[in-house]
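Below: the structure, in structure tokens.
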């Protein structure tokens, strides 16, 4: 039996039979061979077959070179010419198409017109999986990929029948002619010991193709590239971490996890002081538009920054504020011009200043806030540190008086500041006479905000407010994140059936972020408890930073729980944690009833925690507004910093940088980077060629 790319040509006693869906009008010069002794792809020496096949409705000339017999010790390692390298297409068949650039539409001169589905996987590291769809017009699938360093290689197919055939062969460059020979590294065909699986103990750095004959059924391709020199993954803490690079493995991966000390001039940094910046042979910093290296550290594929040193060491990193070299430093964190930013330890602990490298929000995502409305001064102004806000008529002014203390809290003004303060601009000149010369940074700088009052005389119901927000988002083609820093005391599941029905109907388009409550009990308040029923609801709890509201030192990431004050509720359904007792916008009424705007240094409770989750969710969704709400939640939970017991901490502390990098990987699961293809220097504005100091004030770059 001779296998010709999915069409089986059987010669027995000089008689020929054809199997397979493709039609063969003429076959000549077939030779007998024992497939078991030759790996199924070899036959008598120098047997040249030419036939005409109908691929995808087009007659195509097919030239197949059947190589000579191989020694038994080399079974599985064969050399072929046009037959495999070009899927049997001769130079006459290819014509001028070979001059096309190597891209997803012209890999090795092939295209869907030849009945081949082309898939560019980019540079691979670690485990990856790809879904394939059956298409009777594309009986072949070619997967192109790059390996950066010598690696063990494993490839398997799931979902295909035993008649599927699989080859791994070396890639070719645009400079090779169509008639050049290339080496087949491994094959797995229908009578092989392990059909649908290939393994090599050592695969050199370079470009490769996996070629699959695919019947018209859906399938999964799994590839794992394991560098022979190993991968060392070093993880940080919530504090400033100084990572020392010791080149002991082929790849070193550094993961900063947020840095509560950033405002004090302490950085998550990689110490490369034994190297000059000129020792970096390849720069590949990630951006919103490409670059970087995709890698799954165990909790989901993410886009990492990457560099290669002149000694061949590869370094991947995320959540890093600074790279320090012997003669230079590269500052990566974004530091806005807002005067209070360095005091906003809460944003630093979540890695927001790292995530801003990729996004500050998007006009294509709507942020909805259901709260007490906004404080309005005598001239009709909102807080000058807030961005313009969408409202509904006769609803926005905050007239709510907290019945617990008979004081106007202006709660909604404080909630909105955390999510969407007017950032990186300072205060406007027109606001200078009504506010102090201070400004804070919000998490999202761009996404439109709509605030609906659900408290007080002008407030509307949570269901009606949610319906308005969902309708507004739908009318403009946006997804919406709805922040609910509130609870309904004593309510249980089923308390507002109309709201629950709306949540169930908007699993793709609306994400509800709700405070767990401040009673310090192992039971979530309502509607946060809806997180037990719906995957588009996030129940958010509160943690401390370096100290509590009374100035007592605390361990960052510890659930807030006072003996005689308040505590963050926990229990079934708790999803994520975020900081509380933080700086935000504030409004107070003086003795004359005048509204005074300023900033509260310790806005507390789970009401202060969930706006952080909402803000980070808007950054994640801004990477790809086509994501579903449940996907956004899954991204945030899978990338959260583990704080311990899930009953008390849910999935952990929100990690903005890791979540955004995960969204980037999902939006574009192909990274094209190889030090074999040249180097790209970092952006000039990031590099400071002075004697570096590992500590010091952050450098503003945005």
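The values are calculated or read from the model by the stated rules, or taken from the named source; none is laboratory data. Remember, predicted model here, so these are calculated numbers, not experimental data. Using ideal geometry, Cβ is built from the backbone for each residue, glycine included, and neighbour counts are taken over all protein chains shown.
Figures for the structure shown
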{"quantity": "Criterion (crowded, with 22+ Cβ neighbours inside 10 Å, touching a strand residue (DSSP E or B) at 6+ places or on another chain (Cβ under 7 Å) and assigned to a helix (DSSP H, G or I)) met by exactly one of 466, 447", "calculated": "466"}
{"quantity": "Strands (runs of 3 or more DSSP E) lying entirely in segment 572-636 (those with 3 or more residues that are within 30 Å of residue 665 (Cα to Cα))", "calculated": "574-579"}
{"quantity": "Residue 666, sole failed condition from (1) crowded, with 24+ Cβ neighbours inside 10 Å; (2) outside the structural domain of residue 441 (by TED's automatic domain parsing)", "calculated": "(1)"}
{"quantity": "Flag if residue 397 is in contact (Cβ under 8 Å) with a residue 12 or more places away in the chain and out of contact with any helix residue (DSSP H, G or I) (no Cβ under 9 Å at 6 or more places or on another chain)", "calculated": "yes"}
{"quantity": "Filtered residues of segment 258-291 (kept if surrounded by fewer than 24 Cβ atoms within 10 Å (Cβ to Cβ) and closer than 29 Å to residue 121 by Cβ)", "calculated": "280, 281, 282, 283, 285, 287, 288, 289, 290, 291"}
{"quantity": "Test: residue in segment 518-526 that is over 25 Å from residue 407 (Cα atoms) and either within 30 Å of the chain's Cα centre (by Cα) or part of a helix (DSSP H, G or I) (or both)", "calculated": "yes"}
{"quantity": "Subset of segment 108-142 (residues that are modelled with pLDDT under 85, surrounded by 16 or more Cβ atoms within 10 Å (Cβ to Cβ) and assigned to a strand (DSSP E or B))", "calculated": "116, 117, 118, 119, 132, 140, 141, 142"}
{"quantity": "Residues being crowded, with 18+ Cβ neighbours inside 10 Å and touching a helix residue (DSSP H, G or I) at 6+ places or on another chain (Cβ under 8 Å) - total across segment 510-533", "calculated": "12"}
{"quantity": "Test: residue 355 is more than 29 Å from residue 635 (Cβ to Cβ) and in the same structural domain as residue 597 (by TED's automatic domain parsing)", "calculated": "no"}
{"quantity": "Qualifying residue in segment 217-233 (condition: in a loop (DSSP other than H, G, I, E, B), at pLDDT below 80 and touching a strand residue (DSSP E or B) at 6+ places or on another chain (Cβ under 6 Å))", "calculated": "no"}
{"quantity": "Of the criteria (1) more than 18 Å from residue 671 (Cβ to Cβ); (2) part of a loop (DSSP other than H, G, I, E, B); (3) touching a helix residue (DSSP H, G or I) at 6+ places or on another chain (Cβ under 6 Å), which one residue 300 fails", "calculated": "(1)"}
{"quantity": "Among the candidates 370, 329, residue that is in contact with a helix residue (DSSP H, G or I) (Cβ under 7 Å, 6 or more places away or on another chain) and touching a residue at least 60 places away in the same chain (Cβ under 8 Å)", "calculated": "370"}
{"quantity": "Qualifying position, being over 24 Å from residue 250 (Cβ atoms), out of contact with any helix residue (DSSP H, G or I) (no Cβ under 6 Å at 6 or more places or on another chain) and at pLDDT 80 or above, among 152, 197", "calculated": "197"}
{"quantity": "Where residue 337 falls short, out of the listed (1) at pLDDT 95 or above; (2) more than 15 Å from residue 656 (Cα to Cα)", "calculated": "(1)"}
{"quantity": "Selection count where residues are touching a helix residue (DSSP H, G or I) at 6+ places or on another chain (Cβ under 8 Å) and free of Cβ contacts under 8 Å to residues at least 40 places away in the same chain, scope segment 403-424", "calculated": "0"}
{"quantity": "Residues located in segment 610-621, provided they are under 12 Å from the mean Cα position of the chain (by Cα) and touching a residue at least 60 places away in the same chain (Cβ under 8 Å)", "calculated": "619, 621"}
{"quantity": "From the options 497, 489, residue that is surrounded by fewer than 16 Cβ atoms within 10 Å (Cβ to Cβ) and at pLDDT below 95", "calculated": "489"}
{"quantity": "Lone qualifier among 205, 286 - being under 18 Å from the mean Cα position of the chain (by Cα) and either at pLDDT 95 or above or not assigned by TED's automatic domain parsing to the domain that holds residue 634 (or both)", "calculated": "286"}
{"quantity": "Qualifying residue in segment 406-425 (condition: within 30 Å of residue 357 (Cβ to Cβ), modelled with pLDDT under 90 and surrounded by fewer than 18 Cβ atoms within 10 Å (Cβ to Cβ))", "calculated": "yes"}
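Listed here are the residues, each with its yes/no results for (1) over 23 Å from residue 535 (Cα atoms); (2) more than 31 Å from the chain's Cα centre (by Cα).
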position	(1), (2)
446	yes, no
451	yes, no
455	yes, yes
458	yes, yes
469	no, no
477	no, no
484	no, no
487	no, yes
497	no, yes
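For every residue, the table says whether it meets (1) under 25 Å from residue 386 (Cα atoms); (2) loosely packed, with under 14 Cβ neighbours inside 10 Å; (3) in contact with a strand residue (DSSP E or B) (Cβ under 8 Å, 6 or more places away or on another chain); (4) in contact (Cβ under 8 Å) with a residue 60 or more places away in the chain.
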| residue | (1), (2), (3), (4) |
| --- | --- |
| 551 | no, yes, no, no |
| 557 | no, no, yes, yes |
| 566 | no, no, yes, no |
| 570 | no, no, yes, yes |
| 579 | yes, no, yes, yes |
| 582 | yes, no, yes, yes |
| 585 | yes, no, yes, yes |
| 600 | yes, no, yes, yes |
